[in-house]
Amino acid sequence: MRIVVLSADDPYIRGGAGGKHVHIKLFIKGLKKNGYKTILISPHLFNRYVMLLFYDYIGGIFSRILKNKNLAYLYRLYVVKYLLLYKFKTKVKNFDYIVCEDILSIEVANMVSEKKKIFAVIHGPIVKEAINHHSINPNIKFPSINLMEKIEKSSYKKVSKIIAVDNNIKEYIASFNFPEEKIYVVYNAIDTDRFRLTNQQEKIEIRKRLNFSEKKVIALIPRRLVKKNGVIYAVKSLAYIKTNFPEDYKKLVFIIAGDGPERKEIEQLKRENNLENLHMLGYIAHDKIVDYFKMSDIVIIPSIYSDEFSEATSLSALEGLATKNLVIASRVGGLKEIIKCHETGVLVEDKNVEELGNKILDFVNNKDRYTSIIERGARYCQNNHRYDLHAKKIAEILFKE
């Protein structure tokens, strides 16, 4: 059986740290491990100078000179669509099924499917995410948000079955009148071979190599700096701890691994509160970030409900569990589906700075109380979120009649 995985995103760009990028690479690896011949078609296969001209340069004219983000976004969608179409026709000779990773891929698949079934894995609401990431502006009248949502809606109607990564996304897709019985929830998976902590000595050695103290409690926030990820609330919780519990603040180190449009606001908050224990490392490629997970004690996923959607099944949360961190996450979206509070991790209300700060403080002063929670979280990941089992489950749903 020959499977084509089609993606409008380049899963190899800048080390592929995004959740969707990691999913695609692990999904293909898992399919191959389960005996499926699999090929990926995505823009990374195209000449980079062509991409620079048609995607970056001309798209930039719409955005910077015409001051129309929406037009730039829509233009880039069509550029990628037709580049994908060209690449599919030149690279793929025969296939049995196409698995699409986004709505552009669905559009292309329908142009080349030869009446074969098309499937999709949907990671989130594309238009709402674009608003949240500041890629489009809901106040611009042309092209309007409604026009883009119509494109999204029409795409879903063209597939046979859809995999949603959590129940929120399932409900979202169903809201476009897609039959619920054809939507299957399969939570995300991680590379549990890489994301696992062998022993405490490994943690100590990594800290020495990366110049972090062995004695501090390290809290990692592995998040892109966009509104929905709520990183600013984690920083506010550190400011709360410094103001109210200065001695405990001295025991803590916060590390933000990620970049994005919220960076300036977070840097300003850091300066205003003199948060010298906060390290902003910027973007870290996925093949490098594993060491930061392994050397940490806490992983914070402070996501919020924003622009009418919230966090899906966070890969960072799963990677935090697998590397034996206490994962403290907001009670939103897919996070509350994969984390059982005080069983495999800790859940707090989103935007509740004091509650988050107090949970961190409780861990700092009562580590032993959380040992069994951390161990259960690691076992849960090993048993339920391995990439090979994940790919096998999706294949059984999609490819078997």
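Scanning region 111-139 for residues that are buried (at least 21 other Cβ atoms within 10 Å of the Cβ) and at pLDDT below 75 gives no hits.
Please return the ranges of helices (runs of 4 or more DSSP H) entirely within region 13-104 where 3 or more residues are within 27 Å of the chain's Cα centre (by Cα) and either modelled with pLDDT of 85 or more or not assigned by TED's automatic domain parsing to the domain that holds VAL159 (or both).
Values: elements: 19-33, 48-51, 69-91.
Hits in region 13-104: 19-33, 69-91.
None of LYS393, LYS351 is of a type outside the set (A, V, I, L, M, F, W, C), under 21 Å from VAL165 (Cα atoms) and surrounded by fewer than 24 Cβ atoms within 10 Å (Cβ to Cβ) except LYS393. Would it be correct to say that LYS216 is over 19 Å from VAL299 (Cβ atoms) and touching an Asp or Glu at 6+ places or on another chain (Cβ under 9 Å)? So LYS216 does not fit the description; no.
Is it true that GLU267 is of a type in the set (D, E, K, R), surrounded by fewer than 24 Cβ atoms within 10 Å (Cβ to Cβ) and either in contact with a strand residue (DSSP E or B) (Cβ under 6 Å, 6 or more places away or on another chain) or within 30 Å of SER175 (Cα to Cα) (or both)? No; evaluated as a whole, the condition is false for this residue. Within the option set ASN211, ASN229, being in the same structural domain as ASP350 (by TED's automatic domain parsing), exposed (fewer than 15 other Cβ atoms within 10 Å of the Cβ) and farther than 13 Å from PHE293 by Cα holds for one residue only, ASN211. Beta carbons closer than 6 Å, at least 6 apart along the sequence or on distinct chains, pair a first residue in region 91-104 that is surrounded by 22 or more Cβ atoms within 10 Å (Cβ to Cβ) with a second that is assigned to a strand (DSSP E or B) for ILE98/VAL4; ILE98/LEU6; ILE98/ILE118; VAL99/VAL5; VAL99/PHE119; CYS100/LEU6; CYS100/ALA120; GLU101/VAL121. Given the criteria modelled with pLDDT of 90 or more and among the aromatic types (Phe, Trp, Tyr), does PHE142 qualify? No, not satisfied.
The number of residues in region 356-370 that are within 20 Å of ASN244 (Cβ to Cβ) and not polar (S, T, N, Q) comes to 8. Cβ-Cβ distances below 7 Å connect the following pairs, each with a first residue in region 147-159 that is among the hydroxyl-bearing types (Ser, Thr, Tyr) and assigned to a helix (DSSP H, G or I), a second residue that is surrounded by fewer than 16 Cβ atoms within 10 Å (Cβ to Cβ) and at pLDDT 80 or above, and a separation of six or more residues or different chains: TYR156/PHE176.
For region 354-370, the candidate set comprises residues that are without any contact (Cβ under 8 Å) to a residue 24 or more places away in the chain and in contact with a helix residue (DSSP H, G or I) (Cβ under 8 Å, 6 or more places away or on another chain); within that set, the residue that is surrounded by the fewest Cβ atoms within 10 Å (Cβ to Cβ) is ARG369. Among the residues of region 180-192, those that are touching a residue at least 12 places away in the same chain (Cβ under 8 Å) and not polar (S, T, N, Q) comprise LYS182, ILE183, TYR184, VAL185, VAL186, TYR187, ALA189, ILE190, ASP191.
If we scan region 193-207, do we find a residue that is within 22 Å of ALA395 (Cα to Cα), part of a helix (DSSP H, G or I) and either more than 20 Å from the chain's Cα centre (by Cα) or touching a residue at least 60 places away in the same chain (Cβ under 8 Å) (or both)? Within region 193-207, not a single residue is within 22 Å of ALA395 (Cα to Cα), part of a helix (DSSP H, G or I) and either more than 20 Å from the chain's Cα centre (by Cα) or touching a residue at least 60 places away in the same chain (Cβ under 8 Å) (or both). Please determine whether any residue of region 377-390 is under 24 Å from ASP248 (Cβ atoms) and surrounded by fewer than 23 Cβ atoms within 10 Å (Cβ to Cβ). Checked against the condition, which is being under 24 Å from ASP248 (Cβ atoms) and surrounded by fewer than 23 Cβ atoms within 10 Å (Cβ to Cβ), region 377-390 yields no hits at all. None of GLU311, GLU355, GLU337, GLU319 is of a type in the set (Asp, Glu), modelled with pLDDT under 95 and either within 18 Å of ASP191 (Cβ to Cβ) or in a helix (DSSP H, G or I) (or both) except GLU337.
Being closer than 25 Å to LYS128 by Cβ and modelled with pLDDT under 95 holds for only one residue in LYS227, LYS264, and it is LYS227. Only a single item in (1) under 23 Å from the mean Cα position of the chain (by Cα); (2) at pLDDT 95 or above is not met by SER175, and it is number (2). Could you say which residue among ILE304, ILE373, ILE328, ILE394 is in contact with a His (Cβ under 9 Å, 6 or more places away or on another chain) and either in contact (Cβ under 8 Å) with a residue 24 or more places away in the chain or part of a loop (DSSP other than H, G, I, E, B) (or both)? When all the criteria are applied, what remains is ILE373.
The values are calculated or read from the model by the stated rules, or taken from the named source; none is laboratory data. Source: prediction; values computed, not measured. Cβ sites come from the backbone with ideal geometry, for glycine too, and all protein chains shown count toward neighbours.
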